[in-house]
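Below is one structure, written out as structure tokens, with a few remarks after it.
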Amino acid sequence: GAGVSQSPRYKVAKRGQDVALRCDPISGHVSLFWYQQALGQGPEFLTYFQNEAQLDKSGLPSDRFFAERPEGSVSTLKIQRTQQEDSAVYLCASSLGGIGGRSNQPQHFGDGTRLSIL
Amino acid sequence: TQLLEQSPQFLSIQEGENLTVYCNSSSVFSSLQWYRQEPGEGPVLLVTVVTGGEVKKLKRLTFQFGDARKDSSLHITAAQPGDTGLYLCAGGRTLTGGTSYGKLTFGQGTILTVHP
């Protein structure tokens with residue numbers, strides 16, 4: 001399809017394990033965002049990429065969270081030594097433009113990865 | 001920390017009723033977007049407002065951006081069961097120097113249930 005694709009859709013891990021979440025943005029989209037959404041809450045910003053450059057990682061909760069987008073397309077969000085408080089839906093979004101663009105560019109969201117830490 | 005406060009958090013109404021959802025902040029936003037999210041899916045953009053006082057209509061939905069660009073409202077006329085979902089407002093800011101990349105600050109959402 002032409003939308004943002006995230007995998008896996010569901011991930012269950014034991015506390016202390018490492019997990020990797022994948023995002024395939026819309027082809028040609030410069031900007032890529034990761035958000036964390038707790039149950040019944042709005043998404044919260046984690047990090048932003050313009051092409052392969054990570055320009056804003058101010059929302060990452062701790063140094064256990066790491067994101068990359070090495071070739072400017074697919075992105076991976078990695079969480080090391082998972083904790084129960086990491087349980088949430090992780091959303092990826094992409095948009096066409098980058099820095100210097102309009103703040104109102106539409107973001108296209110994937111359906112998220114629901115992460116459960118036991 | 002959520003800088004956008006949405007109210008009400010929950011709304012349960014009968015088909016045909018009207019409703020308004022509010023989104024308020026002490027901060028100025030360069031744009032305000034409204035999204036609708038269904039269970040198991042990502043948010044889907046409904047509308048973007050960028051000018052203070054702007055009003056946009058999308059069928060039975062009316063969106064308004066406050067004059068000071070700190071608040072917004074979503075009004076639904078004659079709600080239908082298909083309107084059921086989580087409604088999210090999200091503010092975008094222009095960075096120092098006038099640039100922006102679209103980072104969004106979301107409200108906590110309003111869960112709307114419309115009963116047949």
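The values are calculated or read from the model by the stated rules, or taken from the named source; none is laboratory data. Model, not experiment: these values are computed from the prediction. Please note: Cβ atoms are built from the backbone with ideal geometry, for glycine as well, and neighbour counts cover all protein chains shown. These area figures cover heavy atoms from the full protein model, side chains too; ligands, DNA and RNA do not enter into them. Shrake-Rupley method; radii C 1.70, N 1.55, O 1.52, S 1.80 Å.
Hey, what D do you get for the stretch B:1-74 in µm²/s if you plug the Kirkwood alpha-carbon radius into Stokes-Einstein at 37 °C and 0.692 mPa s? Write out the running numbers ahead of the final one.
Working: Rh = 13.3 Å.
In µm²/s, the coefficient is 247.
Using θ = phi - 60° and the Karplus curve 6.51 cos²θ - 1.76 cosθ + 1.60, what whole-Hz ³J(HN,Hα) does each residue of the stretch B:42-48 get, with Gly and Pro shown as x?
Once rounded to whole Hz, the list reads x, x, 10, 5, 9, 7, 10.
Which of the lysines could a cross-linker span from A:LYS78 if the Cα-Cα distance has to be under 26 Å and same-chain partners fewer than 8 positions apart are dropped?
A:LYS11, A:LYS14, A:LYS57, B:LYS103
Can you find, among A:SER75, A:VAL89, A:PRO25, the residue farthest towards the positive end of the dipole of the protein assembly as shown? Put +1 on the C-beta of Lys and Arg, -1 on that of Asp and Glu.
Of A:SER75, A:VAL89, A:PRO25, it is A:SER75.
So what is the accessible area of chain B per residue, in Å², with the probe set to 1.4 Å?
On the way: 5310 Å² over 116 residues.
Accessible surface, normalised per residue, equals 46 Å².
Given labels modelled 7 Å from the Cα in the Cβ direction, how far is it in nm from B:THR77 to B:ILE13?
Distance between the two pseudo-spin positions: 1.3 nm.
Got a number for carbon plus sulfur as a percent of chain B's accessible area, 1.4 Å probe? The partial results should precede the final answer.
On the way: 2740 of 5310 Å².
Taking all protein chains in place, chain B shows 52 percent carbon and sulfur surface.
Dividing the convex hull volume of the alpha carbon atoms of chain A by its residue count, what do you get in Å³ per residue?
Numbers: hull volume 11.6 nm³, N = 118.
Spelled out: Cα convex hull of chain A, divided by residues, is 98 Å³.
For the protein assembly as shown, what is the charge dipole size about the Cα centre, in debye to the nearest 20, if Lys and Arg each add +1 at the Cβ and Asp and Glu each add -1 at the Cβ? Provide the component values of the computation, followed by the final result.
Numbers: 21 positive and 20 negative charges, 42 e Å.
For the protein assembly as shown, the charge dipole is close to 200 debye.
Determine the sum of side-chain charges near B:VAL44: Lys and Arg each +1, Asp and Glu each -1, restricted to other residues whose C-beta is under 14 angstrom from that of B:VAL44.
Values: positive: B:ARG36; negative: A:ASP111, B:GLU38, B:GLU41, B:ASP83.
Within the 14 Å Cβ shell, the charges total -3.
Just how large is the dipole of the stretch A:5-101 about the Cα centre, in debye to the nearest 20, putting +1 at every Lys and Arg Cβ and -1 at every Asp and Glu Cβ? Numbers along the way, then the final one.
Working: 10 positive and 10 negative charges, 74 e Å.
Roughly 360 debye, rounded to the nearest 20.
Please turn the phi angles of the stretch B:102-116 into ³J(HN,Hα) values with the Karplus equation 6.51 cos²θ - 1.76 cosθ + 1.60 (θ = phi - 60°), one per residue in order, whole Hz, x for glycine and proline.
My calculation for the stretch B:102-116 gives x, 4, 10, 10, 9, x, 7, x, 10, 8, 9, 10, 10, 8, x Hz in order.
Under unit Cβ charges (Lys, Arg +1; Asp, Glu -1), what dipole magnitude, rounded to 20 debye, does the stretch A:13-64 have relative to its Cα centre? Please list the in-between numbers first.
Working: 5 positive and 6 negative charges, 52 e Å.
I would put it at about 260 debye.
If you add up the charges near B:LEU58, with Lys and Arg at +1 and Asp and Glu at -1, over every other residue whose beta carbon is less than 14 angstrom from its beta carbon, what do you get? Walk me through the numbers before you get to the answer.
Values: positive: B:ARG36, B:LYS56, B:LYS57, B:LYS59, B:ARG60; negative: B:GLU54, B:ASP83.
So the surrounding residues net to +3.
Just counting partner chain Cβ atoms within 10 Å, what average do the residues of peptide A:35-44 show around their Cβ? Let's see the in-between values first.
Values: counts 4, 0, 7, 1, 0, 6, 8, 18, 10, 6.
So the per-residue partner count for this stretch is 6.
Determine, for each peptide in A:32-45, A:68-81, the mean count of other beta carbons within 10 angstrom over its residues, then list the peptides with the highest first. Don't jump to the answer; show the numbers that get you there.
Details: A:32-45: 20.6, A:68-81: 16.0.
Peptide ranking by packing, descending: A:32-45, A:68-81.
With only alpha-carbon atoms counted, please give the Rg and Dmax of the protein assembly as shown, in Å.
Using the Cα atoms of the protein assembly as shown, the pair Rg, Dmax is 17.6, 50 Å.
So for chain A, averaging the separation of alpha carbon pairs under 8 Å that are six or more residues apart and normalising by length, what relative contact order in percent results? Before the final figure, lay out each step's value.
Numbers: 297 pairs, mean separation 43.1, N = 118.
Once divided by the residue count of chain A, the mean separation gives 37 percent.
Testing the spin-label approximation: label points 7 Å from Cα along Cα→Cβ at B:ILE111 and A:ARG9. State their distance in nm.
2.1
Take each of the peptides B:36-42, A:109-115, average the number of other beta-carbon atoms within 10 Å over its residues, and list them starting from the highest. Provide the component values of the computation, followed by the final result.
Details: B:36-42: 15.3, A:109-115: 21.4.
Final packing ranking: A:109-115, B:36-42.
Can you give the average number of partner chain beta-carbon atoms within 10 Å of each beta-carbon in peptide A:107-115, as a whole number?
Numbers: counts 10, 4, 7, 2, 5, 5, 0, 1, 0.
Partner Cβ neighbours, averaged per residue: 4.
Dipole of chain B (Lys/Arg Cβ +1, Asp/Glu Cβ -1, origin at the Cα centre): which of B:ASN18, B:PRO81, B:GLY102 lies farthest to the positive side?
B:GLY102
Mean separation of Cα pairs under 8 Å and 6+ residues apart, divided by the residue count of chain B: what relative contact order is that in percent?
Taking the mean separation of contacting Cα pairs over the length of chain B, I get 36 percent.
How many Cβ atoms of partner chains, on average, are near each residue of B:35-45 if near means within 10 Å of its Cβ?
Values: counts 5, 0, 7, 1, 0, 6, 4, 16, 10, 3, 5.
Average neighbour count from other chains, rounded to a whole number: 5.
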